[in-house]
Amino acid sequence: MPKLEFNKLQKRLRRHTGQAIEDYRMIEDGDRVMVCLSGGKDSYTMLDILMNLQKSAPVRFELVAVNMDQKQPGFPEHVLPEYLDGLGIEYYIVNRDTYSIVKEKIPEGKTTCGLCSRLRRGTLYGFAEQIGANKIALGHHKDDMVQTLFLNMFYGSRMAAMPPKLLSDDKRNIIIRPLAYCREADIEKFSAYKQFPIIPCNLCGSQENLQRQNIRKMLLEWEKQDGSRIEKIFSSMQNIAPSQLADTALFDFANLDIDRSLDREPHPFDASQTVDVGGPTALPFVELKR
């Protein structure tokens with residue numbers, strides 16, 4: 001990629017990240033942000049962008065990089081420490097053998113991602129408290145969030161996705177997704193240019209025919225037909241009308257009532273309207289007030 005093109009890409013990612021942080025008040029003055037680094041393109045990009053924004057941000061905040069070594073066979077334990085040492089950032093490697101737990105609990109051939117994520121999440125939430133971090137940053141991007149929306153609809157029968165900012169169920173942690181406005185294609189290009197030392201996920205990423213991959217393929221096909229399809233779907237997630245859906249917990253459908261105490265607002269076609277009355281029980285036509 002030419003340098004000029006990369007500069008434009010980098011500015012776009014920084015702009016989108018900064019806008020998401022501002023829109024959802026993800027990072028505020030005095031925050032200590034735990035940046036979860038998996039060794040994938042998304043988390044590397046997130047750390048890089050946040051470190052650059054930190055230099056010019058109007059608020060002061062700390063960044064702490066944290067990786068969880070899940071003891072997967074062949075995991076290159078030296079890669080992340082060497083990379084982070086080069087950055088000069090405070091970092092921690094949390095060692096926990098969740099790999100053995102997942103392989104013991106999940107039958108061969110079944111999707112391990114769900115249990116793996118829960119174990120990793122629980123460990124990282126607890127560690128954030130240990131190091132005094134009040135925000136946990138995850139590297140999910142706009143494509144991830146849209147995919148999760150359809151994943152939950154098609155396989156979970158519920159309309160839910162990944163929010164840009166989330167308070168954990170026990171209210172002890174706030175999770176933020178600074179890349180919420182960034183597209184995966186941009187992140188891939190950025191990561192390739194920066195030559196991040198990518199570590200593949202041998203436990204989850206090697207599994208074929210995952211439900212998420214099916215959703216991803218579907219959305220990619222849609223976007224071939226309409227290049228703005230993902231953008232439109234994400235915008236719809238920010239523009240929800242509960243009264244136009246069907247969730248009785250979000251909208252009080254049961255107690256809807258009409259109110260005709262005031263005069264009806266005139267309709268532009270009232271003047272051209274005629275009414276034919278028929279049938280033995282038809283009511284006499286009463287002209288509406290204008």
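The values are calculated or read from the model by the stated rules, or taken from the named source; none is laboratory data. Everything numeric in this text was worked out from a predicted model, so none of it was measured. Here Cβ is always computed from backbone atoms with ideal geometry, including for glycine, and neighbour counts include all displayed protein chains. Each accessible area value is taken on the protein alone, full model and side chains, heavy atoms only, with ligands, DNA and RNA left out. Shrake-Rupley method; radii C 1.70, N 1.55, O 1.52, S 1.80 Å.
Observations, loosely collected:
- Residue satisfying condition, being out of contact with any Asp or Glu (no Cβ under 8 Å at 6 or more places or on another chain), without any contact (Cβ under 8 Å) to a residue 12 or more places away in the chain and not charged (D, E, K, R), within set Leu166, Leu138, Leu119: Leu166
The rows are residues; the columns are (1) closer than 30 Å to Glu108 by Cα; (2) at pLDDT 95 or above.
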| position | (1), (2) |
| --- | --- |
| Cys204 | yes, no |
| Leu210 | yes, no |
| Gln213 | yes, no |
| Leu219 | yes, yes |
| Ser236 | no, yes |
| Asn239 | no, yes |
| Ser243 | no, yes |
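- In segment 84-123, of all residues being out of contact with any helix residue (DSSP H, G or I) (no Cβ under 8 Å at 6 or more places or on another chain) and polar (S, T, N, Q), the one that is modelled with the highest pLDDT corresponds to Asn95.
- Count of segment 149-173 residues which are open to solvent by 40 Å² or more (accessible area, probe 1.4 Å) and within 23 Å of Phe61 (Cβ to Cβ): 6
- Note on segment 235-270: residues that are open to solvent by less than 100 Å² (accessible area, probe 1.4 Å), out of contact with any helix residue (DSSP H, G or I) (no Cβ under 7 Å at 6 or more places or on another chain) and assigned to a helix (DSSP H, G or I) amount to 5.
- Qualifying residue in segment 177-189 (condition: open to solvent by 60 Å² or more (accessible area, probe 1.4 Å) and over 23 Å from Gly139 (Cβ atoms)): no
- Test: residue in segment 262-272 that is at pLDDT 85 or above and out of contact with any Gly (no Cβ under 8 Å at 6 or more places or on another chain): yes
- Matching residues, segment 124-148, being open to solvent by 40 Å² or more (accessible area, probe 1.4 Å), at pLDDT 95 or above and outside any loop (DSSP other than H, G, I, E, B): Glu129, Gln130
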